[in-house]
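Engineer: First the structure, which I've put down as structure tokens, then a few questions once you've had a look.
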Amino acid sequence: MLKDQEKYAIVVAGGAGVRMGGDIPKQFLPIGGLPVLMHTLKKFKAYDEALHLVLVLPENQFEYWKGLCVKSGFNVPHKLVKGGASRFRSVQNGLDSIAEKEGLVAIHDGVRPFVSKEVIHKSFTAAAKYGSAIAVVPLKDSIRSIDSNGSSQFKNRDNYRLVQTPQTFQLNKIKKAFSTEEKSYFTDDATVYENMGWEVHLIAGNPENIKLTTPEDLSYADYLIGLNGKAN
């Protein structure tokens, strides 16, 4: 049963934020008065107080992050883990920091602070039943594939989904999946899991759970936080 299993969340934040401009990595930029990362961690803790949080950061950002926590009075308990040279290595380090072999673990982008409590719950519930749970949303725009000659071909958007995080798994299975060597086609955690020959299970994500990448995204994030504040 879900309630009997230990639950973990590995929040990965290794980006340099080049597309944002400026010197501060995007995970530390403020929205609604707090750094992006704090909003993300709070979402998982609000879902379940007993959930174990692991934050993966480049080691040279540890002291900066600790300073931000003191400055903001941020006291959500979490374990800091050193990031790797790639996202695969960072997630691998996060998984290695969990001593237990059984349980459920959500792997989430640190710069997706608007994941809903419902999606988090659904991801753990589905992973407990199916082994994995990958949050996805439908496409809104028409799409075309382009070949090397520049020719394009219409594709039915109903046959495609945009992949988000969290990507949640049974801990023993995803640990085994990440024990392999990194491969070029590992674009996310689901592809690592799939590499074992296991089928991934899709769940509906929430559309506002965007990955904050550009300055425009930050403006949208402030807008969403404003809306949430009015709703409360």
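Engineer: To the nearest 10 square angstrom, what accessible area does Trp198 show with a 1.4 Å probe?
Structural biologist: Roughly 60 Å² of Trp198 is accessible to a 1.4 Å probe.
Engineer: Per residue, how large is the accessible surface of the chain? Use a 1.4 angstrom probe and give square angstrom.
Structural biologist: 53
Engineer: To continue, here is another question. What are the extents of the Cα atoms of region 20-155 along their three principal axes, in Å, largest first?
Structural biologist: 54, 43, 30
Engineer: Moving on. For a bin width of 5 Å, list the pair-distance distribution of the chain built from all Cα-Cα distances, rounded to whole %.
Structural biologist: So the P(r) values, bin by bin, are 1, 6, 14, 17, 20, 17, 12, 8, 3, 1, 0, 0.
Engineer: Between Ile210 and residues 5 or more places away or on another chain, which pairs have amide H atoms under 5 Å apart, with H built 1.01 Å from N, and which residues are they?
Structural biologist: The answer is Phe114.
Engineer: Now a separate question. Rg over Rh of region 106-179, using C-alpha atoms and the Kirkwood radius, what does it come to?
Structural biologist: Numbers: Rg = 16.1 Å, Rh = 14.5 Å.
With Rh from the inverse mean 1/r over Cα pairs, Rg/Rh is 1.11.
Engineer: What residue among Ile107, Ile98, Ile146 has the largest mean-square fluctuation in a Gaussian network model of the chain, using Cα springs under 10 Å?
Structural biologist: Judging by the Gaussian network model, the answer is Ile146.
Engineer: Quick one: which residues, 5+ away or cross-chain, put their amide H under 5 Å from the amide H of Lys79? H built at 1.01 Å from N.
Structural biologist: It is Leu53, Val54, Leu55, by chain and number.
Engineer: Same structure again: Among the complete DSSP H segments of the chain, which ones combine at least 24 Å of alpha-carbon extent along their axis with a mean Kyte-Doolittle hydropathy of -0.5 or more?
Structural biologist: Length and hydropathy pass: 215-231.
Engineer: Considering only protein heavy atoms and a 1.4 Å probe, what is the carbon-and-sulfur percentage of the accessible area of region 109-202?
Structural biologist: For region 109-202, the apolar C and S fraction of the accessible surface comes to 47 percent.
Engineer: Amide H of Thr165 versus every other amide H placed in the peptide plane: which residues, excluding those fewer than 5 positions away on the same chain, fall under 5 Å?
Structural biologist: Asp109
Engineer: Please list Glu208, Glu59, Glu199 from largest to smallest accessible area, probe radius 1.4 Å, with all protein chains kept in place.
Structural biologist: My answer, sorted largest first, is Glu199, Glu59, Glu208.
Engineer: Test of understanding: express the Cα radius of gyration of region 167-231 as a ratio to 2.2 N^0.38 Å, with N the residue count.
Structural biologist: In units of the 2.2 N^0.38 Å rule of thumb, it is 1.57.
Engineer: Which whole-number percentage describes the relative contact order of region 24-166, with Cα contacts under 8 Å and a sequence gap of 6 or more?
Structural biologist: That works out to 21 percent.
The values are calculated or read from the model by the stated rules, or taken from the named source; none is laboratory data. This is a predicted model, so every value here is computed, not measured. The area values use the complete protein model at the heavy-atom level, side chains included, leaving out ligands, DNA and RNA. Shrake-Rupley method; radii C 1.70, N 1.55, O 1.52, S 1.80 Å.
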